[in-house]
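Visitor: Okay, here's the structure, questions in a sec.
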Amino acid sequence: MSLDRFLAFVSALCVGLVLLLGGWLMIADQQALLTDARQREIDQTSVVFSTTMDQAAILSATHSELLAADPSIRTHLAAGSRNELQAYAKPMFERLARLAGVSVVHFHDAAMKSFLRVWEPQNFGQDLSTFRPMVVAANHDRQTQKGLELGVRGLSLRAVSPVFDTSGSNFIGTVEVGVDLQALADLAKAASGSDFALVLDRRYLKDVGNAVVSANGLVLDASTDKGLFESILGAGKVQLSRSELLFFHRLGDRDLTIQGRPLIDYSGNMIGTILTVSDFGSLESYYNRSLVTIGSVFLAGLLIVTAIFMSTVRAAVIRPLKDLAVRVKASPEEAAKSQATSGLKEFRDLQKAVSDAVSTRQDRAGEP
């Protein structure tokens with residue numbers, strides 16, 4: 001291998017390794033930025049649903065307290081007049097359902113038995129003390145309780161307020177207001193553009209009906225895109241955890257980022273998970289463009305730096321060496337007298353050594 005080819009190979013290798021290291025560091029930095037951006041965006045998006053639920057809980061508590069303070073409701077509940085209470089409360093329930101997404105208005109007597117489900121008046125009399133902790137707490141503490149709880153209509157955001165008679169001294173029961181979580185999920189999607197779902201643990205459900213049940217016992221409840229979340233559940237990626245989980249799912253040509261947050265009911269039980277799904281295609285496109293840019297810079301830098309390096313080496317070393325070799329072969333005496341064609345000290349030393357060698361040879365040749 002000639003010297004110029006050897007130097008070209010070594011220089012290209014060194015420059016390539018340096019640029020490759022720099023490119024790897026830049027790619028790692030871009031990957032870290034992408035990961036941080038995904039986490040930040042999905043956190044901000046999931047807060048939309050959480051905030052919607054918090055506001056709905058406060059609104060439910062307000063509605064339940066207003067119903068509990070209504071004199072007509074107090075009178076009918078104290079008298080045990082179920083039909084009169086149904087006739088009075090039904091228009092209120094329909095208005096709340098239309099304007100506030102309320103799906104439950106339920107009255108209970110002081111013995112914690114179901115007195116009237118306004119949406120289903122024929123279904124009453126069940127003892128709620130065995131499976132409705134929120135009703136028990138409101139009955140015991142005589143204060144409004146709110147939170148997530150499973151009931152006859154499934155999971156909903158509920159508030160239970162104590163009801164006293166018109167004198168305000170005798171406790172006569174409680175009233176419950178529940179908000180449909182499907183309506184809240186749709187509202188959160190309209191505000192954020194992302195999809196949301198509530199996935200419940202099968203162990204806390206008495207009847208799943210026709211709901212989709214995953215292999216690990218998770219049931220899809222409220223969701224903004226049933227097909228999407230059925231696909232995610234079917235992939236087996238959703239797990240119950242008391243900490244936040246972040247994972248990814250590919251659906252067609254979409255790379256989805258999914259966050260799972262624990263779903264805690266009023267009693268502190270983890271009954272499922274809240275899923276937030278976002279498509280960060282714009283972030284992925286930016287990352288891909290960055291990779292193309294880094295690759296282009298790598299190739300251009302390799303070519304430019306190698307060309308400059310080799311041009312300098314050829315001008316300062318390779319060509320002067322070739323010229324010197326040609327002159328020495330043609331006429332050693334003339335080569336010894338010629339001026340150095342390179343400004344490098346090492347080359348001048350080399351030409352001086354050649355000149356000295358030629359002079360020594362001439363002296364020896366002149367000896368008898």
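Just so it is clear, none of the values below were taken in a lab; they were calculated from the coordinates. Please read these numbers as outputs of a predicted model, since none were measured by experiment. With ideal geometry, Cβ positions are generated from the backbone for all residues, glycine too; neighbour counts draw on all protein chains shown.
Visitor: Expected output is a single nm value to one decimal: the length gained when fully extending between residue 296 and residue 251, i.e. 0.36 nm times separation in residues minus the C-alpha distance. What is it?
Guide: Values: separation 45, 0.36 × 45 = 16.20 nm, distance 3.06 nm.
13.1 nm is the gain from fully extending residue 296 to residue 251.
Visitor: Here's something else I'd like to know. Does anything in the range 133-153 have its amide N under 19 Å from the 7 Å Cα→Cβ label point of residue 204, and if so which residues?
Guide: Flagged as within label range: 133-138, 145-153.
Visitor: Moving on. Between residue 40 and residue 86, what length in nm is gained on full extension when 0.36 nm per residue of separation is reduced by their alpha carbon distance?
Guide: On the way: separation 46, 0.36 × 46 = 16.56 nm, distance 4.82 nm.
Computed gain between residue 40 and residue 86 is 11.7 nm.
Visitor: Taking amide H positions as placed in the peptide plane 1.01 Å from N, state which residues far from residue 222 in sequence (5 or more) or on other chains have amide H under 5 Å from it.
Guide: Counting only residues 5 or more places away or on other chains, the set is 198.
Visitor: Another question, if that's okay. If neighbour count is taken as other Cβ atoms inside 10 Å, put 63, 106, 140 in order from fewest to most. Mind dumping the intermediate values first?
Guide: Details: 63 21, 106 27, 140 11.
Listed from fewest to most nearby Cβ atoms, that is 140, 63, 106.
Visitor: Please work out whether the range 54-180 counts as rounded, prolate or oblate from its C-alpha gyration tensor, where a ≥ b ≥ c are the square roots of the eigenvalues and a/c under 1.5 means rounded, while otherwise a/b larger than b/c means prolate and anything else oblate? Kindly include the intermediate steps, with their values, before the conclusion.
Guide: Numbers: a/c = 1.28, a/b = 1.14, b/c = 1.12.
Rounded, since a/c falls under 1.5.
Visitor: Give me the one-decimal nm value for the distance between modelled label points at residue 69 and residue 279, 7 Å along each residue's Cα-to-Cβ direction.
Guide: 4.7
Visitor: A further question on this structure: Could you tell me what percent of the DSSP beta bridges with both partners in the range 54-180 are antiparallel, to the nearest 5? Intermediate results must be reported in sequence, preceding the final value.
Guide: Working: 26 of 26 bridges.
Percentage antiparallel, nearest 5: 100.
Visitor: Which of the residue pairs 90/113; 90/146; 146/237; 90/189; 189/226; 189/237 have a Cα-Cα distance greater than 24 Å in the structure shown?
Guide: Numbers: 90/113 20 Å; 90/146 22 Å; 146/237 31 Å; 90/189 30 Å; 189/226 13 Å; 189/237 22 Å.
Too far apart for the 24 Å limit: 146/237; 90/189.
Visitor: Still on this structure, please answer the following. Under 11 Å from the Cβ of residue 97, count the other residues' Cβ atoms, weight Lys and Arg +1, Asp and Glu -1, and hand me the total.
Guide: Working: positive: 90, 95, 98; negative: 94, 180.
Net charge in that neighbourhood comes out at +1.
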